[in-house]
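The values are calculated or read from the model by the stated rules, or taken from the named source; none is laboratory data. This is a predicted model, so every value here is computed, not measured. Cβ atoms come from the backbone with ideal geometry, glycine included; neighbour counts cover every protein chain shown.
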Amino acid sequence: MGDTPFVGPEFGGSIGNTQAESTPWWPEPIHPGADAPNVVVILFDDLGFSHFNCFGSDLVTPNIDRLAAGGLRYTNFHVTPLCSPTRASLLTGRNHHTVGMRSVSNWNTGFPHMTGKITPHATTMAEVLRDKGYSTFALGKWHLCPMDEASAAGPYDAWPLQRGFDRFYGFLDGETDQFNPDLTYDNHRIDPPKTADEGYHLTEDLIDKAIEFIHDSTSVRPDRPFFSYIAFGATHAPHQAPQDYLDRHRGRYDEGWDVTRERWFAKQREIGIVSPDTQLAPRNPGVEEWDTLPENHRVLAARLQEAYAAFLEHTDVQIGRLIDALEKLGKLDNTVFMVMSDNGASQEGGPFGVLHEMKFFNFMIETPDEAVAHLDTIGGPNSHSNYPWGWAQAGNTPFKWYKQNTHEGGVHVPLIVHWPNGIADAGGIRRQFHYVTDLAATVFDVVGVEAPSVYKGLEQFPVAGSSLAYSFDPAAVDAPTSHPVQYFEMVGHRALYAEGWKAVTRHTPGESFDDDDWELYHLAVDPSECTNLAATNPEKLAELIELWWGEAAKFGVLPLDDRGIELFGVRFGDHLTHSNDRRYVYRPPMAPLPSQSSAAVAGRSWKLFANIDRQAGQNGVIYAVGNGNSGLSVFLQNERLVFDYNCLGEHQVVESDIEVPVGASVVGVDFQRIRKNGAAHLLINGEVHGSVEIPFVMRVISSVGASVGYDCGLPVSPRYCDSFPFEGVLDSVEIELVPFKKDEAKQAAEAQQRSDMTRQ
């Protein structure tokens, strides 16, 4: 007899010298139980409280309304004022400062509350449910990973598959083009399966994949429940929809936002979304009376709202496809459906609305008189539009202010919960205060699991949310909330809700927090914040402010930080994720680069050199940044070197005065910024062979990054179609960034701050 054989501690059988003398053992498969429900969370982006038809609007959303009619509508549900923070709180059940997401994931301030990624000390719903036997899928917008870590170089620790999801199909940044998206499949980038001309739209693609993932899982393991997190690009800018949806909306909003808001508010009171004594908040500052606007202002604003409505209604149809698929599988009744928005309607369209967001980022004012010449592009593949303040406030009816603000317009959104097997009060309304952290707590409650106190050896922050499953009972209509107190904070804007009262302040960056003007509202009787009681009830206001500071200390809100421009010094100086000499060398083949992972050529001087080897007739793109709405492209065409600087649709193009030699050569561009303007010089083997003046140097070029050896997405230049890959040998592309002059760094940072704050 030999020594006792080694047996791992997890083995429950016995090992003898032979099989006959041994006892086999198989571990019990992890499974949450035969009755465990599926979970589907649908997250809209920048959608206001009233935008669903069942919450007051006249937009056509029959599939969302169907979920509401078969489930519950929560009319006092709240989120953070921005995208990434809400997503972090939704997926973890913790407050956003606690988990490292004070603001958008594009930032890392060096403090624990703003790292650009969810701390490993907070498990996600996907991690908890997967460990209990669920299949887990994420689709759509992620925006929970630092953008300089979103390239193929990683690191991948904050990507969906590393935070508990088995599969991912979507985009990592805060926004993407709906017809030409920047797509990631699991841990790698892919091209969209079709083009816009072939009928592609991202929302349809996401639902195709959501259904495919569910079929893949349930066809093999019908006993295994699934968690599907679907975060649409809708209804964040760009507002884009198929042409037939745009066409059906022509003229629907010509009456303007004042009449529309009054009608939506009346419907809200009629169907019980707001109480009869609720007041309609006055127009926000900067929102003019519709009938006083010049005609071109009204024409433009109406067309921009049409694009938004088409985008939402198209998305509703896709949700209907998912509902039908689950019903066909027999899974709908035991699926917990949650439908919500990440924050209130967006204010980033400004007072007039914008045809092209990059103009806003570059401090270029496009007047309605100029914009009406391009009305027919709005909502299509060549647009990047956002609607004006007036329509945003209509979407937030009956509230005031918008996304980014801690007033109700920024944080009060619709929530629908549909679960026939667990909710008997179909079509019911619940008015208890609840917050986004409560959704993870609810899922854990109905599944019968707990978030672990230690995960992968790391101590975990406790879940801050409280389950709203108590409200599923028909008798709970008048029950007290399980979430009586909640703080809010966003870049200095602050608020504290406590048992029907709310203290709130709008902060001006750079001013002392001690000088902020706090307002006081009794939301229990004044949900739209119309009557400020600060002067008449200073004791209550002082009590809530003191409570805010206590909650801030408890949940990691401090230090208060209203910085914006200062946070971008790394990106515009010596990029710490790259070499300190500002020299980038790219060697194809390689995946497209996110905008914050590639050489920052916007707003500065730079030089590009490409080592190529070609035969006669071999042409194509060397390097491209952006897309057909704005960008730049270096390419060979008809044997000559070409540079196209696409400044928001205005093209400055130069072609070399000689043909590029056959064989090995070095071609490139010397781009020089001269104050607001610039010049570009074509280089062939070190000599200048063509120049063009640049009337305006863009400080932010595009939300679309760079591609090497081809043009990824909507082509930057109309001189070629599709990706126009380089046909010769492209050995390398080297980019040297010229250091900013003193004023240039600040200007570029200001522009990028605008960009990142709206891509949420």
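Observations, loosely collected:
- Within segment 243-293, tally of residues that are within 30 Å of Lys359 (Cα to Cα) and in contact with a helix residue (DSSP H, G or I) (Cβ under 6 Å, 6 or more places away or on another chain): 14
- Residues of segment 479-531 satisfying the condition of being buried (at least 16 other Cβ atoms within 10 Å of the Cβ) and modelled with pLDDT under 95: Val491
- All conditions in (1) farther than 28 Å from Asn106 by Cα; (2) crowded, with 21+ Cβ neighbours inside 10 Å hold for Ser702, with the sole exception of (1).
- Scanning segment 433-458 for residues being of a type outside the set (A, V, I, L, M, F, W, C) and either surrounded by 23 or more Cβ atoms within 10 Å (Cβ to Cβ) or closer than 21 Å to Asn396 by Cβ (or both) gives a total of 5.
- Checked against the criterion of being surrounded by fewer than 17 Cβ atoms within 10 Å (Cβ to Cβ), on the phi > 0 side of the Ramachandran plot, assigned by TED's automatic domain parsing to the domain that holds Val729 and outside any strand (DSSP E or B), segment 652-663 contains not a single residue that satisfies it.
- Segment 127-152, residues that are among the polar types (S, T, N, Q) and either outside any strand (DSSP E or B) or touching a Cys at 6+ places or on another chain (Cβ under 7 Å) (or both): Ser151
- Verdict on Arg604 being surrounded by fewer than 16 Cβ atoms within 10 Å (Cβ to Cβ), outside the structural domain of Thr176 (by TED's automatic domain parsing) and under 34 Å from the mean Cα position of the chain (by Cα): no
- Counting only strands (runs of 3 or more DSSP E) that sit wholly inside segment 475-566, those with at least 3 residues that are closer than 19 Å to Val411 by Cα and touching a residue at least 24 places away in the same chain (Cβ under 8 Å) are 485-490, 493-498, 501-505.
- Test: residue in segment 37-48 that is part of a loop (DSSP other than H, G, I, E, B), over 23 Å from the mean Cα position of the chain (by Cα) and exposed (fewer than 13 other Cβ atoms within 10 Å of the Cβ): no
- Any strands (runs of 3 or more DSSP E) falling wholly within segment 580-647 and containing at least 1 residues that are of a type in the set (S, T, N, Q) and touching a Phe, Trp or Tyr at 6+ places or on another chain (Cβ under 9 Å): 630-637
This table checks each residue for (1) of a type outside the set (Phe, Trp, Tyr); (2) farther than 20 Å from Ser135 by Cβ; (3) outside the structural domain of Glu348 (by TED's automatic domain parsing); (4) not in a helix (DSSP H, G or I).
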{"position": "Gly174", "(1), (2), (3), (4)": "yes, yes, no, yes"}
{"position": "Pro181", "(1), (2), (3), (4)": "yes, yes, no, yes"}
{"position": "Thr184", "(1), (2), (3), (4)": "yes, no, no, yes"}
{"position": "Thr195", "(1), (2), (3), (4)": "yes, yes, no, yes"}
{"position": "Thr218", "(1), (2), (3), (4)": "yes, no, no, no"}
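- Any chance Val417 is at pLDDT 95 or above, of a type outside the set (S, T, N, Q), touching a Lys or Arg at 6+ places or on another chain (Cβ under 9 Å) and outside any helix (DSSP H, G or I): yes
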